[in-house]
Amino acid sequence: MDIKRLLGKKIKQYRILKGYSQEKFAELLNISQRTLSGIECGSNFLSSQTLNKILEVLKISPDDLFYVEYLKSNKELVDELVLDIKALEGDNEKLRSVYKVVKALIK
C-alpha cells in the first residue's frame, strides 16, 4: 500500500474514532470536504499545514499517525486494543462508536 493511501486510511480511522463526520472534520481543518475525501482515499496528499491541523484537532501525536502496527505481534495488538477500549469505559458515546466500527470490521 502506498504512503498516501496508508496515511489517508489512518486519518479516517482516527476521525471516526473521535466521532467526527467528514463534513465537520473538514470544517475544523478549514479544507473542503472533497479535499478531505481525497486525502482519506489516498488520491490527494496533504500539506504540512493540514497535517499539523489534523494532529491538533484529533489530539494525536505524529507517532500515533505514522506508527506502523504491523511490526507488532498479534498479542501486542490485542493487548493494546484492550487497554484502549478500557480507557473509553467512561465515555459512552466514544465506546459505542468504537463498538460499531469493530463490529462492522468483523462482519
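Candidates are the residues of the stretch 71-104 that are in contact with a helix residue (DSSP H, G or I) (Cβ under 9 Å, 6 or more places away or on another chain) and in contact (Cβ under 8 Å) with a residue 60 or more places away in the chain; the one that is farthest from Lys18 (Cα to Cα) is Val101.
Yes or no, residue by residue, for (1) over 15 Å from the mean Cα position of the chain (by Cα); (2) surrounded by 11 or more Cβ atoms within 10 Å (Cβ to Cβ); (3) in the same structural domain as Gly8 (by TED's automatic domain parsing):
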site: Ser37; (1), (2), (3): no, yes, yes
site: Asn44; (1), (2), (3): yes, yes, yes
site: Leu51; (1), (2), (3): no, yes, yes
site: Leu83; (1), (2), (3): yes, no, no
site: Leu88; (1), (2), (3): yes, yes, no
site: Asn92; (1), (2), (3): yes, no, no
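The values are calculated or read from the model by the stated rules, or taken from the named source; none is laboratory data. Quick caveat: nothing in here was measured; it's all calculated off a predicted structure. Here Cβ is always computed from backbone atoms with ideal geometry, including for glycine, and neighbour counts include all displayed protein chains.
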